[in-house]
Amino acid sequence: MSENTQKSEEHEDVSLYQKLADRAAEAFQGGRRSLDEALKKAGEELTSGGEYTREQAEKVGEFLRRDIGEVGKKARQARDSVIEAVEPHRVAAGVQSGLSKLLRSAADVLTEIAGKSEQILDFKTGEVTSPGTLTCKECGKEMHFKTTVKIPPCPHCHKTKFRKSY
Ligand SMILES: [Zn+2]
């Protein structure tokens, strides 16, 4: 794979993540009650035009669901600080508005998700995730991200598994 192909795939996944967050937030405002429903509707809208495949939308949708689930597990106060971390005024380009809107729209749903015991897998290189801190499980190196990113390998030991905090 050439470097250019990698770059464009990376960009595509990150922008799909942001579009899914936008559309899911809209679906909530349009009266959708559950996160599953909102994400399904968002995925259908984005794949119907042919710009993205079903597989892409499902894969990236899982990354988004995981980030939302992680936030849902937090106490109210901690949750607000995460939402603040993804607010547009903290990010020059304003590209986070979809996610912060979604997190606000989904406040009730977050509580519901928090109640479910859900196994959160490692955050791995190549996956897309919202702003936050990723700590390498191998060497403890921290990477801080202020925008949605496709996770790179650890810059210190080149391993690929991380845990996430905010
Ligand atoms: Zn490392």
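Results, tabulated for the structure shown:
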| read-out | value |
| --- | --- |
| Over segment 123-165: Kirkwood hydrodynamic radius from C-alpha pairwise inverse distances, Å | 9.9 Å |
| Pairwise FRET efficiency - Asp36 versus Asp80, Cβ, R0 = 30 Å, nearest 0.05 | 0.80 |
| Added length on full extension, which subtracts the Cα-Cα distance from 0.36 nm per residue, Phe145 to Glu62 | 27.9 nm |
| Unsatisfied cross-links (Cα-Cα over 25 Å) in the set Lys73/Lys146; Lys59/Lys141; Lys41/Lys159; Lys101/Lys141; Lys41/Lys161; Lys41/Lys146 | Lys59/Lys141; Lys41/Lys159; Lys101/Lys141; Lys41/Lys161; Lys41/Lys146 |
| Neighbour-count order for Val86, Val14, fewest beta carbons within 10 angstrom listed first | Val14, Val86 |
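Values in this text are rule-based calculations from the coordinates and carry no lab data. If you're wondering where the values come from, they're calculated on a predicted model, not measured in any experiment. Ideal geometry is used to build each Cβ from the backbone, glycine not excepted, and the neighbour counts take in all protein chains shown.
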